[in-house]
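Notes to accompany the following structure.
Computed from the coordinates by the stated procedures, all read-outs in this text should not be read as laboratory data. The structure displayed is predicted, hence computed values, not measured ones. So basically every Cβ, Gly included, is an ideal-geometry build from the backbone, and we count neighbours across all protein chains shown.
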2 protein chains.
Amino acid sequence: MKSIRVLLMGCGGVGRQLLQHVVSCRSLHAKQGLRLRVVGVCDSKSFLVASDVSKMELDDASLMEICRVKSSGSSLSTLNSSGDSQIFTNMESTRKVLDTATLLGRSTGLVFVDCSASSETIGVLTQVVDLGCCIVLANKKPLTSSLEDYEKLVSHPRHIRHESTVGAGLPVITSLNRILASGDPIHRTIGSLSGTLGYVMSEVGDGKQFSEVVKAAKCLGYTEPDPRDDLGGMDVTRKALILARLLGSRINLDNIKVESLYPDEMGSDRMSVEDFLANGLPLLNKDIETRFRVASSNGNVLRYVCMIEGSSCQVGIKELPKDSPLGRLRGSDNVLEIYSRCYRDLPLVIQGAGAGNDTTAAGVLADILDLQDLFP
Amino acid sequence: MKSIRVLLMGCGGVGRQLLQHVVSCRSLHAKQGLRLRVVGVCDSKSFLVASDVSKMELDDASLMEICRVKSSGSSLSTLNSSGDSQIFTNMESTRKVLDTATLLGRSTGLVFVDCSASSETIGVLTQVVDLGCCIVLANKKPLTSSLEDYEKLVSHPRHIRHESTVGAGLPVITSLNRILASGDPIHRTIGSLSGTLGYVMSEVGDGKQFSEVVKAAKCLGYTEPDPRDDLGGMDVTRKALILARLLGSRINLDNIKVESLYPDEMGSDRMSVEDFLANGLPLLNKDIETRFRVASSNGNVLRYVCMIEGSSCQVGIKELPKDSPLGRLRGSDNVLEIYSRCYRDLPLVIQGAGAGNDTTAAGVLADILDLQDLFP
C-alpha cells in the first residue's frame, strides 16, 4: 500500500469538502493500492497535527470532528490536544508546520494542499518547495503574487498541481500542460472563467436589464456578498494571470488590462453595497444595453472574458460570434477555447461548472492522486 | 537529465509524425531536464534497434531516415544494419523486441508506444507489461480485444496511457481518469466520436441528401477508402468499448448494440464500393430523411453517438436536443458530454478535432511525458 501524506491548509468550504472526499474515497483508493494520510490541518491561527507524523495520521473521526468544528464557525484551536494529536497556535503553529515539512519532505514525501483564500500561505509554500514537498493549490493567491514567488513555486514543475485555481475541477490546466508538453504552440486562449459574469452577460444578452440581473444573481447566491467583488473582474484577472504565466508570460497582475463593470466613483470606498445596488447599478444599464445592441446588429454577443494572445493578456467585455462556443454560453458554466497548431481553425473547447466546493475539492483530490508516482 | 526510453511500434502516419515531434521538441524537453531516447522502431515485419540499447539510441538522422523510407512505402527492412544500429526481421524481430524489454524494463525503464493499427502487437504488449515496461497506445485494438488481454494491459494502471485511442489528442481519457480518481461517480457519457459521422449527420441535418453528403465526405478524404468502414460504426464501437471498460464495465465488443448506417445486403461481401456508392447509398436517403423530419418536429436533431449509462453501452443514431453541445455540433469535431455528481444537470463538455496524424501524435507524446515520474 502506497501512502500519500497530506498537510491541509485552509478548512473553509473547499477544505472541509476535501476531507470528506478523502474519507469517503478510502475503499476506492485502497483498491488502487493507495492510502491518503492527512497528517495535519491548519486554519489561519492554528495547526492540528498527528503526534508522530512519521508513523501516524489524523484518523477519520478526527477529520470529521475538524469539519464539524470549522463548519460551526469555530477555530481549530478550540480542539484539544489528545494522545494522538497536538494543537499549536500562532507563531508556534508555523514553526511546527515547517518542522513537519523538514521531517517528511524528503523521506516519506508530503503534499501541502492549500485550500485557503489567503496570501498568508505563500511564505510557507515557498519554503517547503525546497524541503522536497509537493504542492496542490485551489488558492489562486500564491500563483498571482510576485514573479519571484511564482518562479519559486514552479521550480520543480512535476511537484506542483493547481487545476482547481481555474475553472474548479474542469481539466483546464491539465489540458494546457498536455498541449505545451507535446510542443504544440498555443496561439490564443479565450475563456469565460467567472460563473457569475457568464450568467450576467448571457441574461443581459437575452434582453434582461443589467441591474436586475445582478440583483437576481446576488439573491441566487451567485455573487460575492458585495457584487462589486465580481463585477470588478479581479477574480477573473487572477485566473488570467495564472493561465498567462503557465503559457510562458512573465507578467504581473498590474500588467493585465482589466475592464471593471462599474466606475471608480461607485467603488466600495465611496458607496455602501445597499447604495450601489439601489442607486449606482441602475445608472449603468443604458451604456451596457447600447453595447449589447451594437454587438447584436453585427450578429454578435458580448461576453466577459479573459484573452491571452502572444504576450498580451486582457480581461473585459468582448464582442464574439453568436454561434461560437463562448457566444452560445448560457447560465453559469465556464468555457475555455484553446487555439494552437493542432486546434487552428476550430478550438479545443472545455466547458462545464467552474465553481462549487464539491467540484473544486474533486479537482484538488485528482491533483493529489496525480502526484502518486513521486511517493515511495 | 532524465532519460525516457521509447520503443515505437508502427510507423504509419501517426508513428512518423511522432518521430518528427520527438526530434523537433528536443530543445523544449531539454529545458525540462528530459531527453526522449528512441532505442528501436518496428514495422509489421522488421525491428531497427540501437546496437547497445543500454547506452545508445537511434540518432535524429536515423529517425528522419526511418520517416523517409516509410513514407515512400518501403519496409524498414530495406535499411541496412550499421555500426550504431541493427535490423532484425520476422521471428527474430519479435525475439529481439522482447530481449530489449527484458534488458531495459526494470533498469532504465522503457515505454512501448503502439502507433500501429494492428492486432498483432497485442502478444508483445501483454508480455512486456510483466517485464516492467510502460505502454502508450494510439492503437485501439489492444484495448478492444479479449477481456483477459485488457486486464493484463491495465494491470499496472499507472504504467499505461492511451489518450489518443479516443478523440485523438482531446483530453478525454485524462479527464475521465481525473473524475474517477476523485470519487465522482460518472452516470452517463455520450459522445460523437467519429469526425466522419459527425460531419455526415450535421450536413444531413442541414437539409442535404445523405447519399450526396457521404460522397462529398469521401471526396474530401473524411472517410475510409470504402465509406462503409465508417458507416458501419465499428470504429466508434471500439472507442465506446474503451470508454465503457475505463468506466468499469467488463464487456466485449459483441455486448455493444451497434446500429449500422447501411443494411447487411449492401455489405462489402455483396457489393463493390462503386456499386454501393452509385446504387446502394441512394436507396437509404428516404428512410434517413424521414427520421430527421420526425426529430426536427420534436425540436431535436439526430447524431451518431456512443452512449454509456450504467452497464449499458450503445452505438447508433440518437435524437438529441438542438441546443445541447451534441446537437449544436457542426463539421468534423468530436464532442463528449460527461454527466456525474459534479456535472449533474449540465455536463462537462470536451470538444475539438478528434482525428489527424498531428493531433494524434501530439496526444501520444503528451502521454509519454506524463510517465516521466516513473523513470530514474
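Tabulated values for the structure
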quantity: B:S107 versus B:N279: modelled label distance in nm, points set 7 Å from Cα along the beta carbon direction; calculated: 6.4 nm
quantity: Distance (nanometres) between label positions extended 7 Å along Cα→Cβ at A:E212 and B:D206; calculated: 3.7 nm
quantity: Label-point separation, A:E65 to B:R250 (7 Å along Cα→Cβ), nm; calculated: 4.1 nm
quantity: GNM top mover of A:D52, A:D230, A:D60 - chain A, alpha-carbon springs below 10 Å; calculated: A:D52
quantity: Segment A:1-104, relative contact order in percent, only Cα pairs under 8 angstrom and at least six apart counted; calculated: 28 percent
quantity: Greater than 28 Å apart at Cα, pairs in A:K45/A:K257; B:K140/B:K208; A:K239/A:K318; A:K318/B:K239; A:K45/A:K215; calculated: A:K45/A:K257; B:K140/B:K208; A:K318/B:K239; A:K45/A:K215
quantity: Linear extension gain, A:S74 paired with A:S44, 0.36 nm per residue minus alpha-carbon span; calculated: 9.6 nm
quantity: Extended-chain gain in nm, criterion 0.36 nm per residue less alpha-carbon gap, A:S297 and A:R158; calculated: 45.2 nm
quantity: Shielding by other protein chains, B:107-119, mean Cβ within 10 Å; calculated: 0
quantity: Approximate shape of chain B as ellipsoid semi-axes (Cα gyration tensor, √5λ), whole Å, largest first; calculated: 39, 24, 18
quantity: Only Lys, Arg (+1) and Asp, Glu (-1) charged, at Cβ; the protein assembly as shown dipole about Cα centre in debye; calculated: 580 debye
quantity: Counted charge near B:E224, where neighbours are those whose Cβ lies closer than 12 Å (Asp, Glu -1; Lys, Arg +1); calculated: -2
quantity: Taking A:Y343, A:Y262 and counting other C-beta atoms within 10 Å, the order from fewest to most; calculated: A:Y262, A:Y343
quantity: Distances in nm from B:R341 to the matching label points in the other copies, shortest first (labels 7 Å along Cα to Cβ); calculated: 4.2
quantity: Förster radius 45 Å - calculated FRET efficiency between B:S272 and A:E148, Cβ distance, rounded to 0.05; calculated: 0.05
quantity: Nm distances between copies for A:P321, ranked from closest, using label points 7 Å along Cα→Cβ; calculated: 2.4
quantity: Segment B:181-354: proportion of alpha-carbon pairs further apart than 29 angstrom, %; calculated: 20 percent
quantity: At 7 Å out from Cα toward Cβ: B:A117 inter-copy label distances (nm, ascending); calculated: 5.2
quantity: Expected 222 nm ellipticity per residue - DSSP helices of 4 or more, -39500 (n - 2.57), all of chain B, to 500; calculated: -10500 deg cm²/dmol
quantity: Value of relative contact order over segment B:181-354, rounded to a whole percent, pairs C-alpha under 8 Å and six or more apart; calculated: 37 percent
quantity: B from A by rotation - nearest chain A beta carbon to the axis, in Å; calculated: A:D373, 2
quantity: Per-selection Rg to Rh, the protein assembly as shown - Cα, Kirkwood hydrodynamic radius; calculated: 0.98
quantity: Percent antiparallel among DSSP beta bridges (both partners in chain A, rounded to 5); calculated: 65 percent
quantity: Dipole of the protein assembly as shown, positive direction: furthest Cα of A:A117, A:S268, B:S194, with charges on the beta-carbon; calculated: A:A117
quantity: Modelled FRET efficiency - R0 60 Å, B:S311 with A:S312, Cβ distances, 0.05 increments; calculated: 0.75
quantity: Cα centroid separation - segment A:88-120 against segment A:9-42, whole Å; calculated: 16 Å
quantity: For segment A:231-306 versus segment B:243-304, the gap between their alpha-carbon centres in whole angstrom; calculated: 48 Å
quantity: Dimensionless Rg over Rh [segment B:272-365; C-alpha; Kirkwood]; calculated: 1.05
